[in-house]
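Here's the structure we're looking at; comments come further down.
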Amino acid sequence: MRADDAESAVAVRALLYGHLVSRALCSVTGLGLPDLMTSGPRPVAELAELTGAHEPSLRQVMIALTAFDVFEELPDGRFGLARLGAALSTDAPGSARASALMADQVTGRAWHGIPHTVRTGIPAFESRFGAEFFDYLEKRPGLRELFDRSQSADLDLEIDAIERAHDFSETGILVDVGGGNGELMARLLSVHPQLRGVLVDRPAAVTEARTRLDRAGLAERTDVRAGDFFAAVPSGGDVYLLREILHDWDDDQCVTLLRACRRAMSSHSRLVLIELARDGGAADADAKMAALMSLYMLSVLPGRERTTDEFEALLSAAELRLDAVHHLTGQKVLIEASPARSTTVGPSVDRKLMIPKDVAEQPSCTR
């Protein structure tokens with residue numbers, strides 16, 4: 001056997017066994033080890049006693065994870081957090097803890113169904129849990145809150161880059177389409193006192209958004225609406241913001257959503273998309289992360305990660321023009337777009353009260 005053949009055979013096995021690392025990370029995060037170890041190294045026996053774990057098995061997992069920069073084993077036998085392990089603690093900047101818990105409870109289980117998805121086109125999550133992802137979360141508030149925390153942690157990683165990429169200081173009304181629990185809107189309104197906001201999402205999301213914005217003292221500057229953003233979004237906004245929304249949906253659904261935004265936009269309105277752009281080289285670490293996220297979407301929802309050219313095609317199909325692409329972090333980008341030509345606008349927003357005059361309160365949203 002040639003040396004390069006042997007190397008390839010070993011390398012592909014490492015990919016095949018990669019799920020074991022994910023399971024191990026979910027296990028130690030679920031036990032709360034990263035938080036227990038933030039104060040310093042601890043003996044495995046002590047950690048096992050605190051968490052109710054089986055000491056020999058826990059030691060084996062922790063030793064294995066030292067090879068992946070999660071833990072470090074000290075000469076005295078204690079274990080401390082290495083660089084990646086620290087990122088799993090609750091208070092770490094951009095903490096991955098919520099993502100690990102989501103993978104442990106639901107999303108990771110869906111990954112096993114990817115072979116079925118490849119054969120049928122049905123998202124593995126639906127096959128595994130018998131419900132569409134967001135419908136499933138809506139019936140489980142605790143899980144929805146965990147998902148929101150994972151999204152907020154992701155936002156920590158890119159909020160500064162978002163502010164640098166797009167100037168919100170001259171925006172009057174920001175319409176956050178699929179704004180979830182209101183975290184992004186709260187951050188933007190907090191640093192831009194002239195900004196007012198309208199948030200549209202499904203009922204389970206907007207309940208938390210109202211609470212968050214009220215708690216931040218922003219209730220007078222915001223209007224939170226439950227509705228179907230595929231059917232209509234409030235018009236009269238200066239900027240329509242969609243953060244990581246299009247990657248949830250297939251091309252036809254994306255065009256339907258973008259057309260709803262286009263109908264609501266005036267000639268001076270701008271559309272801002274924040275998405276992952278799958279434009280890197282195959283060997284690039286950021287490109288590999290983009291590939292993993294595309295597989296993640298395949299397992300959970302009908303969407304996927306796209307290239308900037310594909311985003312431009314979606315925008316064009318919705319009578320929108322791509323104006324600029326700004327790099328954020330990794331392969332995340334902020335895309336600015338504007339109306340390609342005039343069209344009839346949808347129901348309007350009262351620019352004082354920000355209440356859509358003609359959009360009835362919807363019982364649910366298809367996101």
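The values are calculated or read from the model by the stated rules, or taken from the named source; none is laboratory data. Please read these numbers as outputs of a predicted model, since none were measured by experiment. With ideal geometry, Cβ positions are generated from the backbone for all residues, glycine too; neighbour counts draw on all protein chains shown.
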Restricting attention to the range 244-256, and to residues there that are in a helix (DSSP H, G or I) and in contact with a helix residue (DSSP H, G or I) (Cβ under 8 Å, 6 or more places away or on another chain), which single residue is surrounded by the fewest Cβ atoms within 10 Å (Cβ to Cβ)?
-> 251
Is it the case that some residue within the range 154-170 is out of contact with any Gly (no Cβ under 8 Å at 6 or more places or on another chain), modelled with pLDDT of 95 or more and either within 22 Å of residue 298 (Cβ to Cβ) or hydroxyl-bearing (Ser, Thr, Tyr) (or both)?
-> no
Specify which of the listed residues (119, 140) is closer than 18 Å to residue 297 by Cα and over 17 Å from the mean Cα position of the chain (by Cα).
-> 119
Would you check which residues across the range 312-339 are in a helix (DSSP H, G or I), touching a Leu at 6+ places or on another chain (Cβ under 7 Å) and touching a residue at least 12 places away in the same chain (Cβ under 8 Å) and list them?
-> 314, 315
Just one listed residue, out of 223, 252, 228, 238, is touching a residue at least 60 places away in the same chain (Cβ under 8 Å) and under 25 Å from residue 124 (Cα atoms), and it is 228
Looking at the range 87-100, which of its residues are surrounded by 21 or more Cβ atoms within 10 Å (Cβ to Cβ) and touching a Gly at 6+ places or on another chain (Cβ under 8 Å)?
-> 100
Among (1) within 24 Å of residue 156 (Cβ to Cβ); (2) out of contact with any Asp or Glu (no Cβ under 8 Å at 6 or more places or on another chain); (3) surrounded by fewer than 21 Cβ atoms within 10 Å (Cβ to Cβ) - the single one residue 84 does not satisfy = (2)
So which residues in the range 32-90 are in a loop (DSSP other than H, G, I, E, B), out of contact with any Lys or Arg (no Cβ under 8 Å at 6 or more places or on another chain), touching a residue at least 24 places away in the same chain (Cβ under 8 Å) and within 19 Å of residue 20 (Cβ to Cβ)?
-> 68, 70
Could you look through the range 13-26, keep only residues that are assigned to a helix (DSSP H, G or I) and without any contact (Cβ under 8 Å) to a residue 60 or more places away in the chain, and pick out the one that is surrounded by the most Cβ atoms within 10 Å (Cβ to Cβ)?
-> 24
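Per-residue answers, yes or no, for (1) assigned to a loop (DSSP other than H, G, I, E, B); (2) crowded, with 21+ Cβ neighbours inside 10 Å:
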| site | (1), (2) |
| --- | --- |
| 210 | no, no |
| 214 | no, no |
| 225 | no, yes |
| 230 | yes, no |
| 234 | yes, yes |
| 258 | no, yes |
| 262 | no, yes |
| 267 | yes, no |
| 274 | no, yes |
Can you name the residue in the range 281-310 that is hydroxyl-bearing (Ser, Thr, Tyr) and in contact (Cβ under 8 Å) with a residue 60 or more places away in the chain and is also farthest from residue 337 (Cα to Cα) among such residues?
-> 299
Inside the range 91-198, counting only helices (runs of 4 or more DSSP H) that do not spill past its ends, which hold 1 or more residues that are touching a Pro at 6+ places or on another chain (Cβ under 8 Å) and either under 30 Å from residue 24 (Cα atoms) or hydrophobic (A, V, I, L, M, F, W, C) (or both)?
-> 97-102, 108-111, 114-120, 133-138, 141-165
Can you name the number of the only condition in (1) at pLDDT 95 or above; (2) under 15 Å from the mean Cα position of the chain (by Cα) that residue 94 fails?
-> (1)
Consider residue 171 against the criteria (1) at positive phi; (2) over 24 Å from the mean Cα position of the chain (by Cα): it satisfies all of them except one. Which criterion is unmet?
-> (1)
